[in-house]
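Okay, so here's the structure we're looking at.
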């Protein structure tokens, strides 16, 4: 009897595990909230600012490249890899709804690109500033009035 | 608990994919590097390698080069291209399986730049310096600048269009 119960149980658990796996899709605000909770835990937390994010995005930080070197000054536009010329789809979710929906992808690119642009990981504060900047961009490149 | 599912799923997926790749027959033109259409493909390789440059066909380098490349992704020609371990494993296996089987020039260190292989220099010897320097090309890593079907693995002569 116990075997009859446990087999479907195991199958269900396996399928449930598979079902949630492929893309752990989240909304941009869920991802932002998780960055926010890390930022709040850090000393000197000051809330996120789109203006600070924009400034961060457009300026260099000691290395040759800024974020804008590949993503352009307008994250709603199509970018180009600064070295290979490979087309980079827009970063702003308003122009490219796939952006900021996969936490693993967000983490992967922050890690890589912060290493390239700053030579270190970005703090949750920096990530949050950039995210609110990106999430506030309208398709034509302006900002939402919040 | 969720994390356990996730890691075991990834492991399962990696093993399943590896198994799948191993069962693919050798009915491709692996050893022919002279610009034929590449038929081998792998979704992870395409997505990950292909996000910054054309996903270069595995047959363009020998297995030891791919091994060296994949073990240094955090410093990939000056950029951080690091991957999560399961993705790295899967892509490495794919690259090594379909790597060039030719006798490559024996160098102390495995060649990492496709552009430094004898094959590449020979195939591109007629390409003028001005073409490489064209801002639309930017350099030899940008295959798709001239090989207009490079994204789909097609490097055939008829699909070459040098930008002006």
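Can you name every one of the helices (runs of 4 or more DSSP H) wholly within region B:1-120 that holds 3 or more residues which are modelled with pLDDT under 95 and closer than 18 Å to residue A:105 by Cα?
Output list reads B:2-23.
Residues in region A:88-97 that are part of a loop (DSSP other than H, G, I, E, B) and without any contact (Cβ under 8 Å) to a residue 24 or more places away in the chain were compared, and the one that is nearest to the other protein chains (Cβ to nearest Cβ) is A:89.
Restricting attention to region A:103-138, the residues being under 16 Å from residue A:47 (Cα atoms) and in contact (Cβ under 8 Å) with a residue 40 or more places away in the chain number 14. Of all the residues that make up region A:73-87, how many are facing chain B (nearest Cβ under 10 Å), touching a strand residue (DSSP E or B) at 6+ places or on another chain (Cβ under 8 Å) and crowded, with 18+ Cβ neighbours inside 10 Å? Qualifying residue count, region A:73-87: 3.
The set of residues in region B:52-76 that are at the interface with chain A (Cβ under 8 Å from one of its Cβ atoms), over 10 Å from the mean Cα position of the chain (by Cα) and closer than 13 Å to residue A:83 by Cβ contains only B:52. Taking the stated definitions as given, is residue B:137 more than 23 Å from residue B:42 (Cβ to Cβ), part of a loop (DSSP other than H, G, I, E, B), over 17 Å from the mean Cα position of the chain (by Cα) and within 14 Å of chain A (Cβ to nearest Cβ)? Judged against the criteria, residue B:137 is a match.
Does at least one position in region B:98-107 carry a residue that is in contact (Cβ under 8 Å) with a residue 24 or more places away in the chain, surrounded by fewer than 17 Cβ atoms within 10 Å (Cβ to Cβ) and within 12 Å of chain A (Cβ to nearest Cβ)?
Looking for residues that are in contact (Cβ under 8 Å) with a residue 24 or more places away in the chain, surrounded by fewer than 17 Cβ atoms within 10 Å (Cβ to Cβ) and within 12 Å of chain A (Cβ to nearest Cβ), one finds none in region B:98-107, hence no.
For residue A:100, state whether it is more than 9 Å from chain B (Cβ to nearest Cβ) and either assigned to a helix (DSSP H, G or I) or free of Cβ contacts under 8 Å to residues at least 60 places away in the same chain (or both). No.
Of all residues in region B:145-164, those being outside any loop (DSSP other than H, G, I, E, B), within 14 Å of chain A (Cβ to nearest Cβ) and out of contact with any strand residue (DSSP E or B) (no Cβ under 9 Å at 6 or more places or on another chain) number 3.
The values are calculated or read from the model by the stated rules, or taken from the named source; none is laboratory data. Since this is a predicted model, take the numbers as computed values, not measurements. So basically every Cβ, Gly included, is an ideal-geometry build from the backbone, and we count neighbours across all protein chains shown.
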